Amino acid sequence: MIQQIDHLGIAVRNLDASVEYYENALGLHCHGREEVASQKVKTAFFSVGEVHLELLEPTAEDSPIAKFLEKNGEGIHHVAFKVDSVSDQLKQAADAGVRLIHEVPFEGAANKWVAFLHPKSTQGVLTEFCQERS
Ligand code: ZN
């Protein structure tokens with residue numbers, strides 16, 4: 001079951017400059033930075049109430065974020081829903097005919113299990129399911 005929007009993923013070219021913008025211009029506090037080697041990204045996190053912002057800078061040219069930036073420029077990259085079970089949510093989506101990017105959850109940033117639905121099946125919104133790893 002979907003509980004709430006967990007975070008918005010935002011693709012940026014320069015993580016340091018972006019963190020500075022969110023801190024100085026918006027007054028938010030960056031509460032974590034992390035590199036996710038499997039996705040070839042560096043991330044920085046902000047909290048806005050219960051929703052987070054996840055800034056994503058590519059660490060390699062073949063990173064999915066590098067490809068996104070090349071095609072679309074900077075901006076909102078994905079919407080992440082907090083769910084009880086990523087596996088159950090993937091199954092429900094697959095049963096409804098949605099194309100999956102990941103058949104099984106993998107370890108994402110911020111100590112979570114994550115998986116993505118293909119934007120061709122979701123009206124253009126790259127959709128992530130995430131679940132706390134216990
Ligand atoms: Zn995310």
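The values are calculated or read from the model by the stated rules, or taken from the named source; none is laboratory data. Predicted, not measured: the structure shown is a model, and the values here were computed from it. Reconstructed Cβ throughout: ideal geometry from the backbone, glycine too, with neighbour counts over all protein chains shown. We work out accessible area using only protein heavy atoms, side chains counted, and drop any ligands, DNA or RNA first. Shrake-Rupley method; radii C 1.70, N 1.55, O 1.52, S 1.80 Å.
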Item to check | Spans of strands (runs of 3 or more DSSP E) in the range 1-112 with at least 2 residues more than 22 Å from residue 124 (Cα to Cα) and more than 12 Å from the ligand (Cβ to nearest atom) | outcome: 30-36, 41-48
Checklist entry - If you take the residues in the range 6-26 that are surrounded by fewer than 20 Cβ atoms within 10 Å (Cβ to Cβ) and among the small types (Gly, Ala, Ser), which one is nearest to residue 110 (Cα to Cα)? => result 17
Next on the checklist: Here are the criteria: (1) open to solvent by 40 Å² or more (accessible area, probe 1.4 Å); (2) in a strand (DSSP E or B); (3) among the small types (Gly, Ala, Ser). Tell me which single one residue 124 does not satisfy.
Outcome noted: (2)
Item to check | Residue, nearest to the chain's Cα centre (by Cα), within the range 27-64, restricted to residues that are β-branched (Val, Ile, Thr) and more than 17 Å from residue 106 (Cα to Cα) | outcome: 51
Checklist entry - For residue 82, all conditions in the list (1) of a type in the set (Lys, Arg); (2) open to solvent by less than 70 Å² (accessible area, probe 1.4 Å); (3) farther than 15 Å from residue 8 by Cβ hold save one; what is the number of the exception? => result (3)
